[in-house]
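The structure appears right after this line, and notes come after that.
The values are calculated or read from the model by the stated rules, or taken from the named source; none is laboratory data. Every value quoted in this text rests on a predicted model; they were computed, and no experiment measured them. Cβ sites come from the backbone with ideal geometry, for glycine too, and all protein chains shown count toward neighbours. Ligands, DNA and RNA are excluded from the accessible area calculation, which covers all protein heavy atoms including side chains. Shrake-Rupley method; radii C 1.70, N 1.55, O 1.52, S 1.80 Å.
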Amino acid sequence: MVSRFRPARRLGLIGLLFASAGCSDWLSYDPGSLRYIEAEAMTRDLGPKPNLHGKPKLQAKVRETMARLYGPDPQFIRVPKGAPLMLGGRYLASHLREGDGQNARDRRIYEGDSFQDPKLRPQSGGYTVYRRNCLHCHGVTGAGDGPTAAFFFPRPRDFRRGIFKFTSTPTGARPHRDDLRRTIVKGLDGTSMPAFEPILSPSEIEQVVDYVIFLSLRGETELALIEEASISEEGDNDALGEDIVQEIVSGVFTRWKSAQAQVVNPAVARTEPTRESILRGRDLFLASDCKDCHGRLAKGDGASFVETKISDEIIFGGDPSKMADRVAALPEKVQALWKQKLDEWGNPLRPANLNRGKETTYKGGRRPIDIYWRIAKGINGAQMPGHYPSPFDDRKMWDIVNFVLALPYEPELLTEAPVAPTAGAPAVADARPR
Amino acid sequence: MRHWSILFAMAAVGAVGAFVYAYFSPDWWLPNPPGDFHHSVSRFGREIDKLFFIILAITGAVFVGTQVVLVWAMHRFADETDSQGNPVRKADYFHGSQRLEVIWTIIPAGILVFIALYQMGTWAEIKYRSAAPKVPPLAEVTARQFQWVIRYPGPDAKLNTVDDLVVVDDLHFTRDRMALIYLRSSDVLHSFFLPQLRVKQDAVPGLTIPVWFDADRAGDYELVCAELCGWGHYKMRGKVYVHETEEQLRQWIDEKLAEQNRSRLTMTTAPNGR
Ligand SMILES: [Cu+2]
């Protein structure tokens, strides 16, 4: 009796197959250690901008201070006292490192969604939510440099400077917590920033809001420390003393905290979007600076920016890492204009197309109050200036908001408008209603 | 080696057993409400399930029949050797059988034709544009990488006007009423899939495709994308909520509209700003 296969082995194989199918929870995923990426200014010579190029001692000091304040790497988070985070940062991760040196220990602080059965959910907290959902775009350090970032226009936000576009606080101020929450819950319409409402639970959203703030605080502190150190001598042992570090950190925290009480609420109620109000808004649009950027037909092709056709070619015309080459191939004058019209983070920028019919999107939300905030206070880091209280007063603000909201459904508002003869406005021949 | 027949018999019994087990397990059964997992909530769901069971019965019977023959043949004709190690039976060789081939071609073909004809009514009812319910559209659903932009008519009851409600990933409709949506895509191919309602329709750039469905139970369901559409495909999900009454749906839309029309904060300093 000859047997070529042993049935027992066959059975064993089949058993293994069954065991490995659908039982992925058995294998816990260990991403390994992630590491923060340092600010450029730490080592690179940035010319007139503060930097620590060629000052290894000061660099070491900044690194050591950063690790002491915020933890050495993303796995070990520390939060200085008084941070504008929920419960002093407890929702950032499942582990928080407390104490220093020998006394340092990991404390398990927040487990999962339900506060139940901590062992089942060892990986939770803002850091985990961020790592799973945001890191590939926004990067480990929050520098907007995740592995997928290069392929998006607009580029994912760099959180490290604390500058956010879609805020309800005064021009240039830090955002309110609600602003960040809105961005994460609803996404930024028309960009690759997704809406996380259907994917994350409300508590996960709060956790990741905290983590975004944490990365901002960390990045701002790093820049401030570098700036402070850059005015010291390399040999100065007293540089970045405890007092100064404290001052810097509390300065960073205060900027966030004070913004929480400064939300701009329109002084008067919205004017009904009547025909008169919309037409007044239209006239304001044509008479003010809007058209220079957004274009005579509000198609996002204003004369003060590089022509849409050219910027399409630069942004979408090939390998994103070769964008600089494409810019270099432009005529000098266009090149200069292009460089002038980058956003605060050095990425390509272009004015919104406000006249795309029902496809018109508003990144920061389509509520009248959102549009009000955008126009009244401008868009931080994106060159769009604020317009309140001047040149627009309370009443004019609502007229222009009403106009912006009506325009996509009534493009004839602009195509049939009396031509205001302004320099650089596109010819009326372009005025094709959709 | 007669043992082989036992192994194959076990595999067949296991496969049949899996289907029997599935019938009693909400996790293994079709996507239905957890409390009542044998109830398919939508009219089309019930029809599709019926077709599914007919096909299951046919394939099940064929499977059991062929397995019985297979196992029996393995058992009956297992290789046997005598004490010298020589085969007891001689193998026969014959060059095909036209009659058998004709039979086993005609029977499956007949079954396929039967299924093709039998399902036509259901297909027509679910997919033919002429069968679309004559109701005002519930919404226009535009797929984009990686979300569902859903536009409901506002107070004027007309789509694509300034008072529309626009939400993301949130589909609401009313129980026991055929809901009609217009499906579009603003970038690549996506597929609008309501697993519990057994509705699946590709969203094709450049086309506006009517899709209709109902549910006989209020509650939460799921919307997912069923066409690999890019890196974020796996998270292209939406919530579906079925309201008890039309008033409740209206009320939900009104609440959302009130928020969409918000022009001032009521409490500037409330901790959560709401
Ligand atoms: Cu998709």
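What to note about this one:
- Distance between the C-alpha centres of segment B:60-82 and segment A:36-61: 77 Å, rounded to the whole angstrom.
- Residue-wise HN-Hα coupling along segment A:305-311, computed from phi with Karplus coefficients 6.51, -1.76, 1.60 (Hz; x: Gly, Pro): 10, 5, 3, 4, 4, 5, 5
- Estimated dipole of segment B:135-273 in Debye, rounded to 20 [Cβ of Lys and Arg +1, of Asp and Glu -1, Cα centre]: 300 debye
- Segment B:1-132: C-alpha gyration tensor shape, a/c 1.5 cut-off, then a/b vs b/c: oblate
- Residues considered: B:Arg151, B:Arg262, B:Arg250. Largest GNM mean-square fluctuation over chain B, using C-alpha springs under 10 Å, is found at B:Arg262.
- 30 Å Cα-Cα threshold exceeded, pairs from A:Lys358/B:Lys127; A:Lys57/A:Lys339; A:Lys49/A:Lys291; A:Lys49/A:Lys299: A:Lys57/A:Lys339; A:Lys49/A:Lys291; A:Lys49/A:Lys299
- The mean number of partner chain beta-carbon atoms within 10 angstrom of a residue's beta-carbon across peptide B:2-8 is 2.
- The alpha-carbon atoms of segment A:133-217 define a convex hull whose volume equals 89 cubic angstrom per residue.
- Annotation: average projected area of segment A:182-293 is 13.1 square nanometres, based on the convex hull of Cα atoms across all directions.
- Relative contact order of segment B:1-132, pairs being alpha-carbon contacts under 8 Å that are 6 or more residues apart, as %: 26 percent
- Taking amide H as placed 1.01 Å from N in the peptide plane, B:Val199 has its amide H under 5 Å from the amide H of B:Leu194, each at least 5 places away in sequence or on another chain.
- In the elastic network of chain B, a GNM with C-alpha springs shorter than 10 Å, the most mobile of B:Leu228, B:Leu70, B:Leu180 is B:Leu70.
- Angle between chain B longest axis and helix B:246-260 axis [Cα atoms, degrees, rounded to 10]: 60 degrees
- Residue-by-residue Karplus 3J(HN,Hα) for segment B:159-166, coefficients 6.51, -1.76, 1.60, Hz, glycine and proline x: 7, 6, 10, 5, 8, 4, 9, 10
- For B:Trp123 and B:Leu228, the FRET efficiency from 1/(1 + (r/R0)^6), where r spans their Cβ atoms and R0 equals 25 Å, is about 0.55.
- Take each residue in A:170-183, count the other chain C-beta atoms within 10 Å of its C-beta, and the mean is 1.
- Lysine pairs with alpha-carbon atoms under 23 Å apart, segment B:135-273, spacing 8 or more or separate chains: 4
- Debye intensity ratio in log₁₀ form over the Cα atoms of segment A:44-84, taken at each q of 0.13, 0.18, 0.23 Å⁻¹: -0.39, -0.65, -0.80
- Only the Cβ atoms of Lys and Arg (+1) and of Asp and Glu (-1) were treated as charged; on that basis the dipole of segment A:213-347 about its Cα centre amounts to roughly 1380 debye.
- When every Cα-Cα distance of chain B is counted in 10 angstrom steps from zero, the calculated P(r) takes the values 6, 20, 24, 18, 13, 9, 6, 3, 1, 0 percent.
- Near the amide H of B:Val168, within less than 5 Å, lie the amide hydrogens of B:Ile150, all on another chain or at least 5 residues away, with H placed in the peptide plane.
- Sequence of A:Leu413, A:Leu284 when ordered by accessible area, the most exposed leading, probe 1.4 angstrom: A:Leu284, A:Leu413
- Whole-number D in µm²/s for the protein assembly as shown (Stokes-Einstein; Kirkwood sum over Cα pairs; 10 °C, 1.306 mPa s): 52 µm²/s
- Accessible area per residue for the protein assembly as shown is 53 Å², calculated with a 1.4 Å probe on protein heavy atoms, without ligands, DNA or RNA.
- Among B:Ile58, B:Ile111, B:Ile103, residue whose mean-square fluctuation peaks in a GNM of chain B (springs only between Cα atoms under 10 Å): B:Ile103
- Counting only Cα atoms, segment B:135-273 measures 44, 35, 28 Å along its principal axes, largest extent leading.
- Shielding by partners, peptide A:192-204 (average Cβ within 10 angstrom, other chains): 4
- Comparing B:Ile54, B:Tyr93, A:Thr171 along the charge dipole axis of the protein assembly as shown, the residue lying farthest to the positive side is B:Tyr93, per the Cβ-charge model.
- Rounded to the nearest 20, the size of the Cβ-charge dipole of the protein assembly as shown about its Cα centre is 900 debye, with Lys and Arg at +1 and Asp and Glu at -1.
- Computed on chain B, with alpha-carbon pairs under 8 angstrom and 6+ residues apart, the relative contact order is 16 percent.
- A simple packing score, the average count of other Cβ atoms within 10 Å per residue, orders the peptides A:291-299, A:43-51, B:79-87 as A:291-299, A:43-51, B:79-87, with the highest score first.
- Each label point was placed 7 Å from the Cα along the Cα-to-Cβ direction; for A:Glu359 and A:Ser33 their separation is 4.9 nm.
- Across segment A:75-86, coupling constants 3J(HN,Hα) worked out from phi with the 6.51/-1.76/1.60 Karplus curve, θ = phi - 60°, read 6, 10, 9, 10, 10, x, 4, x, 5, x, 10, 4 Hz, and Gly and Pro carry x.
- Relative protection proxy for A:262-275, B:9-22, from highest mean packing down: A:262-275, B:9-22 (other beta-carbon atoms within 10 angstrom).
- Solvent-accessible surface (1.4 angstrom probe) belonging to A:Met384, in square angstrom, nearest 10: 50 Å²
- Restricting segment A:163-239 to GluC sites (Glu not before Pro) that sit in a DSSP loop and have at most 15 other Cβ atoms within 10 Å of their own Cβ leaves A:Glu233, A:Glu234.
- Relative contact order %, segment B:135-273, counting alpha carbon pairs below 8 Å whose residues are six or more apart: 24 percent
- Segment B:Phe63..B:Phe114, full-extension length gain: 16.5 nm, with 0.36 nm per residue of separation and the alpha-carbon distance subtracted.
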